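*Asks:* Below you'll find the structure I mean.
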Amino acid sequence: MNIAEKDFTALPVSDERETLNGQAATQSAMHPGGDAPLLDAYSNAVTSAAEQVSPSVVKIDVFKSRSTGEPLSRGRNNDRPGSGSGFIITPDGFILTNSHVVHGAERIEVTLAGGRRPDAHLVGTDPDTDLAVIRIYAPNLKPVRLGDSNQLRVGQLAIAIGNPYGFQYTVTSGVVSALGRSFRASSGRLMDNLIQTDAALNPGNSGGPLVNSRGEVIGVNTMVILPAQGLCFAIAINTAKTIAGWLIKDGVIRRSYIGVGGQTAKIHRRVVRHFNLVVETGMLVVGVEPGSPASRAGLREGDVIVEFNGQAIAGIDDLHKQLTGAQAGVRSPLTVIRHTEKLSLEIVPEDSALINN
């Protein structure tokens, strides 16, 4: 038996316990409360954000008549109720929600956090981005603070507030799982730059806010993939700001169409310096529809759009802002980065209303 073995085996149990207790005491002194401080910081962030935003979240009940030709059920109300969520974005009563929440509604009821049910009407809806604006008339409304979805980072805290299955003002939390996701809207148009999160969403959460730790709205909760778990998506708030502004102003969205799917992407610094670009990001083209204006203009998958009609394009939101109804039928210059080349193209956008019809 060597000295180490003898010393180890000769160590009394009581001494061993004292040694372990001493180590635990040292760790406790270094980290008082164990995991409590970390958990408290997380809890405080979620609690603070929920307290700030919950008074601005509303429950939306919609009533739809049965479609023509659908048989009526004996002994049942012929209205078809549904529900969702929304949130107040202005002090004078404008509410942002999903288009699919209010689609086909003949009557809309909005319930505020305090239980009030003011008069409500639909201002406008845009199925292409799954966004809609409702207006209510009530005093002492508290609007949310809107954040900047361009500043989001994967892994940061994400908090969802809504009314899943009618359980009002339910709070769930998770993280931003990914950025730049794309899905097709019910209209068939590609919805770009969606936020993926694992904050639990269920039917009834649609239209509610996705919030960061500062209590700023970073997205509009819109969908969940079933039966998968933790695959939930929200519309980036920067996109929602633009669409809401148009809906409040005109009640409808007139936009032009070029036929590409894309997402915001970084441009290599050498390319930025070489071509003296004013932006360090652009819109990466991930798909070109055959026969579309983009296809006729010569756009290809992998191109990065950096300028449209003389305006710098730093991402998908910038391009959406430029593709207004006024651009339909107008020949416009388009600058793209293709590999290591800078190309100047010309494109003639089409009226999206004509495409959809």
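Throughout, read-outs are computed from the coordinates displayed, never taken from laboratory work. Since the model is a prediction, treat every value here as computed from it, not as a measurement. Cβ atoms come from the backbone with ideal geometry, glycine included; neighbour counts cover every protein chain shown.
*Asks:* In whole Hz, what ³J(HN,Hα) sequence does the stretch 207-213 give by Karplus (6.51, -1.76, 1.60; θ = phi - 60°), x for Gly and Pro?
*Replies:* Per-residue couplings from phi come out as x, x, x, 9, 10, 8, 5 Hz.
*Asks:* Okay, next question. For Leu231, enumerate residues with amide H under 5 Å from its amide H, sequence gap 5+ or separate chain, H modeled in the peptide plane.
*Replies:* Residues meeting the criterion, in which the H sits 1.01 Å from N, are Ile225.
*Asks:* Packing-wise, with mean Cβ within 10 Å as the measure, how do 269-281, 304-316 rank, highest first?
*Replies:* Details: 269-281: 13.3, 304-316: 20.1.
Packing order, densest peptide first, comes out as 304-316, 269-281.
*Asks:* What number comes out for the charge environment of Ala138, summing +1 per Lys or Arg and -1 per Asp or Glu over other residues with Cβ under 12 Å away? Provide the component values of the computation, followed by the final result.
*Replies:* Values: positive: Arg116, Arg117, Arg135, Lys142; negative: Asp92, Asp119.
Summing Lys/Arg as +1 and Asp/Glu as -1 gives +2.
*Asks:* Something else: Once phi is turned into ³J(HN,Hα) by the Karplus curve 6.51 cos²θ - 1.76 cosθ + 1.60 with θ = phi - 60°, what whole-Hz value does each residue of the stretch 326-341 show in order, with x for glycine and proline?
*Replies:* Per-residue couplings from phi come out as 5, 7, 4, x, 9, 6, 10, x, 9, 10, 10, 9, 10, 6, 10, 10 Hz.
*Asks:* My understanding is that a pair violates if its Cα-Cα distance is over 24 Å; which of Lys142/Lys241; Lys249/Lys321; Lys142/Lys321; Lys59/Lys241 do that in this structure? It would help to have the intermediate numbers written out before the result.
*Replies:* Values: Lys142/Lys241 17 Å; Lys249/Lys321 15 Å; Lys142/Lys321 28 Å; Lys59/Lys241 21 Å.
Flagged as over cut-off: Lys142/Lys321.
*Asks:* Under a 5 Å amide H to amide H cut-off, with H placed in plane at 1.01 Å, what residues pair with Ile267 once short-range neighbours are removed?
*Replies:* Close amide H contacts, sequence-distant or interchain: Thr281, Gly282.
*Asks:* I need the phi-derived Karplus couplings for the stretch 232-248: 6.51 cos²θ - 1.76 cosθ + 1.60, θ = phi - 60°, integer Hz, Gly and Pro marked x.
*Replies:* So the J values, rounded to whole Hz, are 10, 9, 9, 7, 4, 5, 5, 5, 4, 4, 5, 5, 4, x, 5, 5, 5.
*Asks:* With a ≥ b ≥ c taken as the square roots of the eigenvalues of the C-alpha gyration tensor of the stretch 222-357, please select rounded if a/c is under 1.5 and otherwise prolate if a/b is larger than b/c or oblate if it is not?
*Replies:* Taking the square roots of the gyration eigenvalues as a ≥ b ≥ c, the stretch 222-357 is oblate.
*Asks:* Could you sort 143-155, 118-130 so that the peptide with the highest average Cβ count within 10 Å comes first and the rest follow in order? Write down the numbers at each step before the final one.
*Replies:* Details: 143-155: 15.9, 118-130: 19.5.
Ranked from most to least packed, the peptides come out as 118-130, 143-155.
*Asks:* Sorting check: for 90-96, 232-238, which peptide has the highest mean count of neighbouring beta carbons within 10 Å, and how do the rest follow? Before the final figure, lay out each step's value.
*Replies:* Numbers: 90-96: 19.0, 232-238: 26.1.
Highest to lowest by the protection proxy: 232-238, 90-96.
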